[in-house]
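FYI, it's all coordinate maths here, none of it is from the lab. Note that this is a predicted model, so its numbers are computed, not measured. Every residue, glycine among them, receives a Cβ derived from its backbone with ideal geometry; neighbour counts consider all protein chains shown.
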Amino acid sequence: MGHTLLGTLSRSKAWKEVVELIASGANVAQVADATIKAAEEAFSFVSNDAGYNRAVWLLTQISLAGNAVNPLEHLRGQGINIPDNTSLPGIISALSQALDNGKLRGKISDLGELAHRALVDAVITRMKPKLQQLPLFNLSAEDTRQALKEFRKEKEFAKLSREFYSRLTNETMSYFLSRTLATHLGDGQRFATTNQMSQFEDALATHCREASVIVEKYSGEWFSKHRYEEKGDISRESVQGFASWALKKMNDELRAGAKSHEL
């Protein structure tokens, strides 16, 4: 993926503040907040991005499939063509293919690609525990159906959403920061060693993970409410609203975290 927006950001006053914060040894919360402010337009753009919205739509469909008589058939109707006899890699491959098929005219933004990757990683993380007692490379259709049925629960949708937004936010932050961090590596710089830079990147991931608690609570309540009000299904319009609001909540929480670190 190309860092197509970094050139524009690097000339802005707000991005210079990000660079100054990194150089001066500011904490992760402050750097994250400044990055959001510098990339305000890009972060706002995410909620209208076709790739991002496709990922959120499929996220909801995975959980709605759990309530279907045949979860596999429900997902196949959404383009996630999981075979009857498969494996965890096979499930992930089907999801990845469904995401790829949603690309408009064969093109997708870098931020859309980040959303796709975040969803795949989130599904792997939440699916693995449900398959612990099963042969991961030799799943029957019934094995897969039973694992998918777990996602019908409000708390499971909440946890899946949290994984997705935690990963998406961290990936997006890293997208903007990657080149800048590298310029602060070496003797006399913010990061004397690659290990120190890795520690900063790990702290950023933890910061995003902690902030995503707000999305977990909101997601579960939203899913339960809309599934009930829409009689077991959730419209694209409702999912679009969720996609925008969840991202806003995540960004607001990151900013609140920066303020709390200043106290």
(request) Select from the stretch 10-94 those trypsin sites (Lys or Arg not before Pro) which occupy a DSSP coil region and have at most 10 other Cβ atoms within 10 Å, ordered by residue number. (result) 11
(message) Amide H of residue 87 versus every other amide H placed in the peptide plane: which residues, excluding those fewer than 5 positions away on the same chain, fall under 5 Å?
(response) 139
(request) Hand me the trypsin sites (Lys or Arg not before Pro) from the stretch 189-243 located in a DSSP loop with no more than 11 other Cβ atoms within 10 Å, in residue order please. (result) 231
(message) Return the equivalent ellipsoid semi-axes of the stretch 152-212 as a descending list in whole Å, where each equals the square root of 5 times an eigenvalue of the C-alpha gyration tensor.
(response) 31, 10, 6
(request) In whole Hz, with x marking every Gly and Pro, tabulate ³J(HN,Hα) for the stretch 29-43 from phi via Karplus 6.51 cos²θ - 1.76 cosθ + 1.60, θ = phi - 60°. (result) 4, 5, 5, 5, 4, 5, 5, 4, 5, 5, 10, 3, 5, 5, 5
(request) Please give the direction-averaged projected area of the C-alpha convex hull for the stretch 15-119, in square nanometres with one decimal. (result) 8.9 nm²
(request) Pairs of Cα atoms under 8 Å, at least six residues apart: use those to get the relative contact order of the chain, whole percent. (result) 26 percent
(message) Give me the percent relative contact order of the stretch 172-261, please, defined on Cα pairs under 8 angstrom at least 6 residues apart.
(response) 24 percent
(request) Can you tell me the relative contact order of the stretch 32-122? Whole percent, Cα pairs under 8 Å, sequence separation 6 or more. (result) 38 percent
(request) Would you calculate a helix-derived [θ] at 222 nm for the chain, using -39,500 (n - 2.57) for each DSSP H run of n ≥ 4 and dividing by the full residue count, to the nearest 500? (result) -23500 deg cm²/dmol
(message) List the trypsin sites (Lys or Arg not before Pro) within the stretch 85-147 that DSSP assigns to loop and that have no more than 11 neighbouring Cβ atoms inside 10 Å.
(response) 105
(message) Past the 23 angstrom mark, what percentage of all C-alpha to C-alpha distances in the chain do you count?
(response) 54 percent
(request) Take the alpha carbon atoms of the stretch 224-250, find their center, do the same for the stretch 152-188, and report the distance between the two centers in whole angstrom. (result) 23 Å
(message) About the Cα centre, and with charges only on the beta carbon of Lys, Arg (+1) and Asp, Glu (-1), how big is the dipole of the stretch 176-221? Nearest 20 debye, please.
(response) 140 debye
(request) Would you tally the net charge around residue 61, using a Cβ to Cβ cut-off of less than 11 Å, leaving residue 61 out, and scoring K and R as +1, D and E as -1? (result) +2
(request) Pop out the ³J(HN,Hα) list for the stretch 112-117 in order, Karplus 6.51 cos²θ - 1.76 cosθ + 1.60 with θ = phi - 60°, rounded to Hz; leave Gly and Pro as x. (result) x, 4, 5, 5, 4, 5
(message) Can you compute 3J(HN,Hα) from phi for each residue in the stretch 154-165, using the Karplus curve 6.51 cos²θ - 1.76 cosθ + 1.60 with θ = phi - 60°, rounded to whole Hz and x for Gly and Pro?
(response) 4, 5, 6, 5, 4, 5, 5, 5, 4, 4, 5, 6
(message) Students often get this wrong, so check it: of 130/155; 128/217; 159/225; 153/225; 16/249, which have C-alpha atoms separated by over 19 Å?
(response) 128/217; 16/249
(message) Quick check: the angle from helix 194-211's long axis to the longest principal axis of the chain, C-alpha only, nearest 10 degrees?
(response) 50 degrees
(message) Could you check the spin-label model distance between residue 138 and residue 185? Points 7 Å from the Cα along Cα→Cβ, value in nm.
(response) 4.4 nm
(request) Could you quote the convex hull projected area for the stretch 97-197, Cα atoms only and averaged over all directions, in nm²? (result) 9.5 nm²
